[in-house]
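K.L.:
A single structure is presented below for examination.
The values are calculated or read from the model by the stated rules, or taken from the named source; none is laboratory data. Given the structure is predicted, the values throughout are model-derived calculations rather than measurements. Don't worry about glycine lacking a Cβ; one is built from the backbone with ideal geometry, like all the others, and counts go over all protein chains shown.
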Amino acid sequence: MLILATTEREYPWGVLRSTNASKVKVVLEEKGLTYQVDRLHPGDLWKKPAQILAKHPLGKVPYLETDDDGVIFDSTVINEYLDDKYANNPLKPQAAAVRARMRMLENYADEAIISVDLPKLWMPMWSSPEKRDVDVMEQGREGMRKNRLPFIEAEIGQHEFLCGEFSLADVPYMAIAMVFEVDDFDLSDFPRTSAYFDRLRARDSYTAISPKTSLEDSLGSS
Ligand SMILES: N[C@@H](CCC(=O)N[C@@H](CS)C(=O)NCC(=O)O)C(=O)O
């Protein structure tokens, strides 16, 4: 059994999930693997109790407990591990240059978006609307509009997915599309990105991270 440690909470404005752990859920779903989720309390990510540090030395989610290979941590590492270990529905392009593009675009999403602009928008949503810092949230949206969305708009171009076929490159953008769905982010100035995010949200695997899917309906698969 594969057990994914994540953080997920239900609020009146949607079911919120760890963006990094959502990347792993998407891959578990895309590859049709049997898994369960272990939901950690969001406060534990900041308190970092010993039982979590024993699994992930940085006390973060996601980490994946496996029967064969112990604990694997870091969403990008876990996703490559799953794709290497389970041969069905491969998610890495074959050609070296396309595989490098896959890794570059995934890295861009992780390093520039999921770690920098997106948390300004996403973290406040774990509080009730009256407690949110709306200025910080707007800074996050502005960072996306000025810096990140023009890049995605250019990279998706006329492609269906970032490397042609759906691949690991697209996985973090599904977590970003999930945040934008909760925020009802206006993408009208970025029509290619808007259509691309709609294609990502139309995939069956998105159901497991959708803000419309209840916690009860997203416990994993068996
Ligand atoms: N590079 C890591 C980042 C993991 C990460 O930052 N996860 C967040 C939740 S989405 C977290 O645990 N934050 C707590 C912290 O930064 O200490 C990955 O991709 O797994």
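K.L.:
Just checking, does segment 117-129 include any residue being touching a Pro at 6+ places or on another chain (Cβ under 7 Å) and more than 16 Å from the ligand (Cβ to nearest atom)? Walk me through it before giving the result.
P.N.:
Of all residues in segment 117-129, those touching a Pro at 6+ places or on another chain (Cβ under 7 Å) come to 126.
With more than 16 Å from the ligand (Cβ to nearest atom) added as a condition, the list becomes none.
No, because not a single residue in segment 117-129 is touching a Pro at 6+ places or on another chain (Cβ under 7 Å) and more than 16 Å from the ligand (Cβ to nearest atom).
K.L.:
Restricting segment 72-97 to residues that are crowded, with 16+ Cβ neighbours inside 10 Å and among the β-branched types (Val, Ile, Thr), which is farthest from Glu155 (Cα to Cα)?
P.N.:
Per the criteria, the residue is Ile72.
K.L.:
Is segment 212-221 home to any residue that is assigned to a helix (DSSP H, G or I), in contact with a helix residue (DSSP H, G or I) (Cβ under 9 Å, 6 or more places away or on another chain) and at pLDDT below 95?
P.N.:
yes
K.L.:
Give the residue that is surrounded by the fewest Cβ atoms within 10 Å (Cβ to Cβ), with candidates limited to residues of segment 38-69 that are at pLDDT 95 or above and of a type in the set (Gly, Ala, Ser).
P.N.:
Out of the qualifying residues, it is Ala50.
K.L.:
Check segment 58-66 and report whether any residue there is outside any loop (DSSP other than H, G, I, E, B) and without any contact (Cβ under 8 Å) to a residue 40 or more places away in the chain. Lay out the reasoning, then the answer.
P.N.:
The initial filter retains those residues of segment 58-66 that are outside any loop (DSSP other than H, G, I, E, B), namely 63-66.
Filter once more, so that each one left must be without any contact (Cβ under 8 Å) to a residue 40 or more places away in the chain: none.
Checked against the condition, which is being outside any loop (DSSP other than H, G, I, E, B) and without any contact (Cβ under 8 Å) to a residue 40 or more places away in the chain, segment 58-66 yields no hits at all.
K.L.:
Filter segment 78-111 down to the residues that are closer than 21 Å to Ala177 by Cα and either in contact with a strand residue (DSSP E or B) (Cβ under 8 Å, 6 or more places away or on another chain) or within 11 Å of the ligand (Cβ to nearest atom) (or both) and list them by number.
P.N.:
Within segment 78-111, Ile78, Asn79, Arg101, Met102, Leu105, Glu106, Asn107, Ala109, Asp110, Glu111 qualify.
Residue-wise test of (1) of a type outside the set (A, V, I, L, M); (2) over 16 Å from the mean Cα position of the chain (by Cα).
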{"site": "Asn107", "(1), (2)": "yes, no"}
{"site": "Ala112", "(1), (2)": "no, no"}
{"site": "Val116", "(1), (2)": "no, no"}
{"site": "Pro124", "(1), (2)": "yes, yes"}
{"site": "Ser128", "(1), (2)": "yes, yes"}
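K.L.:
Test Lys55 against the stated conditions and say whether it is farther than 23 Å from Ala109 by Cα, near the ligand (Cβ under 9 Å from one of its atoms), in the same structural domain as Ser18 (by TED's automatic domain parsing) and out of contact with any Ser or Thr (no Cβ under 8 Å at 6 or more places or on another chain).
P.N.:
Judged against the criteria, Lys55 is not a match.
K.L.:
Does segment 164-179 hold any residues that are surrounded by 21 or more Cβ atoms within 10 Å (Cβ to Cβ) and not in a loop (DSSP other than H, G, I, E, B), and which are they?
P.N.:
To start, the set of residues in segment 164-179 that are surrounded by 21 or more Cβ atoms within 10 Å (Cβ to Cβ) comprises 167-179.
Answer for segment 164-179, where residues must be surrounded by 21 or more Cβ atoms within 10 Å (Cβ to Cβ) and not in a loop (DSSP other than H, G, I, E, B): Leu168, Ala169, Asp170, Val171, Pro172, Tyr173, Met174, Ala175, Ile176, Ala177, Met178, Val179.
K.L.:
Starting from segment 37-49, keep only residues that are in the same structural domain as Thr6 (by TED's automatic domain parsing), then list their pairs with residues that are among the aliphatic types (A, V, I, L, M) and modelled with pLDDT under 95 whose Cβ atoms are within a distance under 6 Å, requiring at least 6 positions of separation or different chains.
P.N.:
Correct list of pairs: Val37/Leu219.
K.L.:
Just the residues that are in a helix (DSSP H, G or I), without any contact (Cβ under 8 Å) to a residue 24 or more places away in the chain and over 16 Å from His159 (Cβ atoms), please, taken from segment 180-198.
P.N.:
The one that is in a helix (DSSP H, G or I), without any contact (Cβ under 8 Å) to a residue 24 or more places away in the chain and over 16 Å from His159 (Cβ atoms): Phe180.
K.L.:
Taking segment 199-216, which residues are more than 19 Å from Pro12 (Cα to Cα) and in contact (Cβ under 8 Å) with a residue 12 or more places away in the chain?
P.N.:
Arg199, Leu200, Arg201, Arg203, Asp204, Ser205, Tyr206
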